[in-house]
Every structure is written in C-alpha cells, then in structure tokens.
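Contents: one structure, followed by commentary.
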Amino acid sequence: MKTIHLIFVLLSTFGAHVYAQQKPFMDYVLSWDGDTSTLEVELTYSASQKDSTVFVFGDPSFGGQNDIFTVIKNIRVTEPEEVKIDSATRQITVHHNGTKKHQIRYEIDGSFNENQPTVISQTELFRPVISKGFLTLVNKQFTLEITDESNPLVSFVWRDHPKNFNYFNSVVPSQTDPLEKLAADYNQVSEKVYFVMGDNIDVREYKVIGVPYYSVTTKEDKYGNDLQGSLKPFFESYFPSIHRFWNDTDFPFYFLAVSALQNNQNEIGAGGFGIRNGFVMKLGRAFGTWEKYVTAHETAHTWIGIKMMLGKGSFDHQWFGEGFNDYTTLINLANSKIYGQGEFLHYLNEETLKKHYESEVKGAHNDAIAANYWTDYANYGKLPYRRGLIYAFYLDNQIRLASNGKFTLRNMLLDLYQYRKAKSKDEALTVDDFINAGATYIDKEELSQQVKRFMIEGLPIDFSSVKLIDAFNLEINDNIPKLNLREGTDLATIYQW
C-alpha cells in the first residue's frame with residue numbers, strides 16, 4: 001500500500017509539474033453555415049494571470065476602422081467568469097473568479113450597410129468578407145490579441161462549415177480539410193493568417209524554381225474576369241524573374257489571393273495587403289494594367305520592405321522601401337515581358353516623372369512624409385514611391401556607365417541584401433549601409449551627397465545635366481523629363497539576370 005501511495009504522490013507531483021510547465025495556448029474553433037454573414041468563434045485559452053486575462057480586439061491601423069465593435073458582437077463567457085468591455089481601448093477583460101478552464105465566445109459580423117458607399121466595404125481592410133457562399137478572413141479580423149506577452153501556441157480548426165466549399169489557409173496551404181487543426185506560434189500569427197472558403201473559389205498550385213506557389217481566386221464575377229488566366233503569367237514568368245533577380249528561393253511557400261467582390265454597384269480599383277508568404281487583393285473591376293502593377297509591386301515587397309528595409313520603421317526611408325521596390329517591380333515586369341515598351345514607358349513617364357515634377361510637394365524633406373502621409377496621401381503618400389523610383393533609375397544608369405555595363409543596380413542591391421543577412425534579426429539596415437554597398441560601384445562621397453540631396457532634403461534630380469545609357473533618349477518639356485527608348489532597344493536585354 002505504501003508503494004502504491006508513493007507512486008500516486010509521484011504521479012501527482014509529475015502532473016502538477018507538467019501543468020506548471022505547460023506552454024500557454026489559444027485554441028480557436030470556427031463555425032460558418034455558408035449562407036449568413038456571421039462567423040461564430042470559440043476561444044479556449046490558458047491564463048498566465050490568476051485573476052483576469054486582458055485581450056485587445058482589432059487594429060485601427062489595419063484599414064482605418066475605429067468602430068470595431070460593429071464587427072465583433074455577442075461576447076460572452078461562462079459563469080462564474082465575467083467579461084468587461086472597454087470600447088475606447090478595445091479591451092476585453094475576463095475576470096476568472098477562481099476558474100481553471102477558460103473560454104470566451106463571440107461572433108464576427110461580415111455584413112455591410114447597403115446604403116454606404118461601396119468603396120468603403122471593399123477598401124476597409126479590417127472588415128471581413130462573409131456573405132452567401134463566400135468568406136475571406138484574416139486573423140486580425142477575428143482573433144484576440146493577448147496583452148501579457150505570453151507568446152502562446154495558437155491553433156485553428158473549423159467545427160461547422162459547408163461540406164462542398166473549397167478551402168485555403170496560409171498556415172499550411174497543402175492542408176485542404178478544414179476539420180484538421182492548424183497550429184502556429186503567436187509571432188507567426190501576428191504576421192497575419194489568411195483563410196478563404198466558398199463555392200466560387202479556385203485554388204491552383206504551381207512550382208516556381210522549386211517553391212510551392214498557390215493561386216487563389218474567385219472563379220466567376222460580374223466584371224468578366226478570368227483571374228486564374230490573368231495571374232498565370234506571374235507564376236510562369238514574373239515570380240521566376242524576381243527570384244532570379246534576388247538569387248533567393250528561401251521560401252516554404254508563397255500564395256497570391258485575388259477575390260472579386262460582388263457587393264459594389266460601381267467599378268472601382270483594387271485594395272490589398274501583404275501577408276506572411278503572400279498577398280491578398282480585393283478586386284472591384286476587370287483585372288487590367290494597373291492591377292498587374294499592384295500585384296507585381298506588392299509581391300516584390302517580399303524583399304525590399306520585408307526581408308530588408310532601411311531604418312527601424314517603415315516610414316523612416318520609404319524612398320527605399322517603396323521607391324526602390326517600385327523600380328525592381330518595373331524592371332521585373334519588363335524582364336518577364338508582362339510589361340511591353342508601351343506599358344514600361346507609360347509608368348516611368350506618366351505615372352512617375354510627370355506626376356512627380358508637377359507635384360507641389362516634390363521638394364519636401366523626407367521627415368515631412370510620415371507627418372502628412374494619411375492626411376494628404378495623394379501628395380505625400382505617393383511622394384516616396386516616385387522620388388525613390390526616379391533615383392533608383394538614375395543610380396542604375398550611373399552604375400552601368402561607371403562600370404561600362406559590367407554592373408547594375410542589381411549588384412548593389414544584392415550586396416545590400418548580404419549586409420542584411422549578416423546582421424542580427426533586430427538590427428536594422430542603415431543609410432550608411434546603403435552608401436557602403438554602393439561605394440563598390442560609384443564614388444562613395446558622391447553617392448552620400450546624392451542620398452542627402454535627393455532623398456533626404458528632397459531636391460529633385462535635374463535631368464538636363466544627366467547622362468544615361470545609350471538605350472534611353474531623354475527630352476525635357478516645361479521642366480518635366482520624358483524618357484524614350486532608342487529604336488531597336490529591347491527591354492529584356494537591358495534588364496536581364
């Protein structure tokens with residue numbers, strides 16, 4: 001009997017130790033009937049605090065929606081636990097009152113006001129799309145943020161869902177059964193997790209230089225799109241091109257999701273956002289030249305803007321994060337022949353040079369961009385894109401001329417990418433790193449002065465005194481530069497790797 005008692009004590013002690021060592025967790029169970037605009041969420045979680053757990057719902061910076069309690073509704077717990085809601089801080093506090101098992105249930109409302117301008121329902125990124133036969137969902141739209149920094153393991157599983165609907169998730173894309181549980185650490189979830197489900201969804205898989213790529217689209221829409229057909233050239237030529245540009249295939253997978261929404265009466269453009277290993281687009285018209293550019297630009301951010309950026313915040317040096325990314329986008333569109341000469345020159349001249357040199361804020365200091373970005377996006381929001389692209393084009397030409405065509409801006413960017421890899425995860429690339437990488441190819445002092453004058457102080461480049469490679473012919477009318485390609489020039493020859 002003593003032996004049995006001793007074993008019981010040891011087992012009890014071991015069990016208590018295991019319980020004490022158990023990693024914090026958040027387990028989400030999702031339910032949707034396929035007909036309504038309501039997603040039911042049940043969250044079971046561990047509590048690192050004895051008396052209460054504080055969650056925060058929503059992120060106003062993601063799409064600008066402040067009144068997020070029009071999305072999350074009917075929040076409830078089981079007695080003796082109690083829930084308190086502070087709409088101003090978006091905090092949801094659960095008082096445990098001695099309970100050991102913790103669960104909170106709520107609903108996500110994906111409906112939209114028919115009387116509101118339809119552009120809001122499409123570009124308001126925070127609002128999920130949940131309608132009859134179609135659901136797109138990002139974790140920021142339905143999960144709760146934990147405030148105790150416990151960095152828990154997070155899981156997702158579907159309890160109820162339409163049996164005949166196609167399904168895609170961005171945690172493990174090859175997992176196509178919603179009844180199988182998905183698990184990810186909290187840091188991964190914070191970089192956004194995406195779900196799509198519906199009877200009008202088509203999911204196709206490609207291999208791009210050995211990397212699994214997924215094309216997730218609506219099958220049919222009122223705009224007459226063949227989205228899988230429109231996206232196919234990206235998987236066949238653009239993505240291989242940009243992988244070769246960066247000499248990088250270090251990806252577990254990548255996905256491109258384009259959903260045409262049916263709830264707007266007027267044709268509008270495309271809104272979207274980058275996500276871990278993918279890009280999500282909400283489309284409101286036929287997929288055309290502009291949508292090709294948006295898709296290419298946003299997916300190119302995998303490198304400039306995600307894998308490397310200058311400064312500790314995205315606003316520090318957007319001339320690089322957006323402008324240089326825009327240039328790599330444009331030349332890879334040319335390399336992959338998705339853009340021909342006409343589209344290439346139109347973007348350089350009409351969308352960039354003309355609009356920049358006509359802009360009233362073209363000479364604004366770099367520090368003014370963040371302060372005015374959201375209040376005057378048409379001017380300050382677009383400024384770093386245009387300013388950075390123009391400088392990237394200029395610098396590419398200078399490197400080519402200085403090396404007699406042996407090197408290009410790509411060589412400098414690859415060197416800068418190696419700088420990024422050599423640093424620790426929390427250590428940021430700096431403007432000095434940018435200058436040091438470029439100093440291999442052009443005079444360091446000259447490069448330093450260019451960055452200072454053109455990118456930081458905002459002085460527009462005077463193209464009247466600029467020499468370009470022979471492929472380009474430059475004319476200036478009313479102080480606005482315009483580029484032309486000399487006869488017989490092949491863009492794919494200029495931009496090859």
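Calculate the spin-label point distance for K73 paired with R420, positioning each point 7 Å from the Cα along the beta-carbon direction, and give it in nanometres.
Rounded to a tenth, the inter-label distance reads 4.3 nm.
Considering the convex hull of the alpha carbon atoms of region 346-418, report its projected area averaged over all viewing directions, in nm², one decimal. If you can, show how the numbers build up before the last one.
On the way: hull surface 24.8 nm².
Result: 6.2 nm².
According to a simple spin-label model (label point 7 Å from Cα along Cα-to-Cβ), what is the distance in nm between Q496 and D51?
Between D51 and Q496, the label points sit 7.2 nm apart.
Tell me, rounded to the nearest percent, the portion of alpha carbon pairs in region 302-440 spaced more than 19 Å apart. Walk me through the numbers on the way to the answer.
Numbers: 5140 of 9591 pairs.
Summing the P(r) of region 302-440 above 19 Å gives 54 percent of all pairs.
From the residues G284, L310, S465, which one has its Cα farthest along the dipole of the chain in the positive direction, the dipole being from +1 and -1 charges on Cβ of Lys/Arg and Asp/Glu about the Cα centre?
Checked the options; the winner is L310.
May I ask you to list the chymotrypsin sites (Phe, Trp or Tyr not before Pro) in region 442-476 that are in a DSSP loop and have at most 14 other Cβ atoms within 10 Å of their Cβ? Display every interim value, and only then the final one.
Numbers: sites: F454, F463, F472; in loops: none.
For chymotrypsin sites (Phe, Trp or Tyr not before Pro) across region 442-476 that sit outside H, G, I, E and B with at most 14 neighbouring Cβ atoms in 10 Å, the list is empty.
Once you place label points 7 Å from the Cα toward the Cβ at D35 and A378, how far apart are they in nm?
Here the modelled spin labels are 4.6 nm apart.
Do any trypsin sites (Lys or Arg not before Pro) in region 150-204 lie in a loop, going by DSSP, with at most 16 other beta-carbon atoms within 10 Å of their beta carbon, and if so which? Before the final figure, lay out the partial values.
Numbers: sites: R159, K163, K181, K192, R204; in loops: K163, K181, K192.
Hits after loop and neighbour filter: K163, K181.
Which value, in Å² rounded to 10, gives the accessible area of Y385 with a 1.4 Å probe and all protein chains present?
Result for Y385: roughly 30 Å² accessible.
Per the Debye formula with a single identical scatterer at each Cα and no solvent contribution, what log10 I(q)/I(0) holds for region 427-497 at q = 0.17, 0.21, 0.25, 0.27 Å⁻¹?
Treating every Cα as an identical point scatterer, log10 I(q)/I(0) equals -0.90, -1.06, -1.09, -1.11.
Starting from region 303-398, pick out the GluC sites (Glu not before Pro) whose DSSP state is loop and whose Cβ has at most 10 other Cβ atoms within 10 Å. Mind dumping the intermediate values first?
On the way: sites: E322, E343, E350, E351, E358, E360; in loops: E360.
Hits after loop and neighbour filter: E360.
If you put +1 on each Lys and Arg Cβ and -1 on each Asp and Glu Cβ, how big is the dipole of the chain around its Cα centre, in Debye rounded to 20?
With Lys and Arg at +1 and Asp and Glu at -1, about 900 debye.
Which order do the peptides 486-497, 90-101, 228-239, 328-339 come out in when sorted by mean C-beta neighbours inside 10 angstrom, highest first?
Values: 486-497: 13.2, 90-101: 15.3, 228-239: 18.3, 328-339: 23.1.
So the peptides 486-497, 90-101, 228-239, 328-339, ranked by packing, come out 328-339, 228-239, 90-101, 486-497.
With point charges of +1 on the Cβ of Lys and Arg and -1 on the Cβ of Asp and Glu, referenced to the Cα centre of the chain, which listed residue (L416, G272, S31) lies farthest in the positive direction of the dipole?
Ranked along the dipole, the leading option is L416.
With the cut-off at 12 Å, report for region 311-364 the share of all Cα pairs above it, as a whole percent.
Details: 1013 of 1431 pairs.
When every Cα pair of region 311-364 is considered, 71 percent fall beyond 12 Å.
Over its Cα atoms, what ratio of radius of gyration to 2.2 N^0.38 Å does the chain give? Kindly include the intermediate steps, with their values, before the conclusion.
Numbers: Rg = 25.9 Å, N = 497, 2.2 N^0.38 = 23.3 Å.
Normalised Cα radius of gyration, the chain: 1.11.
Sequence gap at least 6, Cα distance under 8 Å: using those rules, report the relative contact order of the chain to the nearest whole percent. Spell out each step's value before the answer.
Details: 828 pairs, mean separation 50.9, N = 497.
In percent, rounded to a whole number, it is 10.
Roughly speaking, what is the centre-to-centre gap between region 27-61 and region 296-350 when only Cα atoms are used, to the nearest Å?
37 Å
How big is the accessible area of D470 in square angstrom, nearest 10, if you roll a 1.4 angstrom probe over the protein chains?
120 Å²
Pull out the extension gain between Q91 and S61, defined as 0.36 nm times the separation in residues minus the alpha carbon to alpha carbon distance; nm, one decimal.
Using 0.36 nm per residue and subtracting the Cα-Cα distance, I get 9.2 nm.
Express the carbon and sulfur contribution to the solvent-accessible surface of the chain as a percent, rounded to the nearest whole number, probe 1.4 angstrom. Don't skip to the answer; put the middle values down first.
On the way: 11140 of 23040 Å².
The nonpolar share, carbon plus sulfur, comes to 48 percent.
Given a Förster distance of 56 angstrom, what is the FRET efficiency for E180 paired with A371, based on the Cβ-Cβ distance and rounded to 0.05? List each step's numbers first, then the result.
Numbers: r = 47 Å, r/R0 = 0.84.
The formula returns an efficiency of 0.75 here.
Report the semi-axes of the equivalent ellipsoid for region 125-250 in whole Å, largest first, where each axis is √(5λ) for an eigenvalue λ of the Cα gyration tensor.
26, 22, 13
Compute, for region 273-334, the length of the dipole vector about the Cα centre, with Cβ point charges of +1 (Lys, Arg) and -1 (Asp, Glu) only. Units Debye, rounded to 20.
200 debye
The values are calculated or read from the model by the stated rules, or taken from the named source; none is laboratory data. All figures in this text were calculated on a predicted structure; none of them were measured in a lab. Neighbour counts are summed over all protein chains in view; Cβ atoms, including those assigned to glycine, are modelled from backbone coordinates with ideal geometry. For the accessible areas, the whole protein counts, side chains as well, though only heavy atoms, and no ligand, DNA or RNA atoms are used. Shrake-Rupley method; radii C 1.70, N 1.55, O 1.52, S 1.80 Å.
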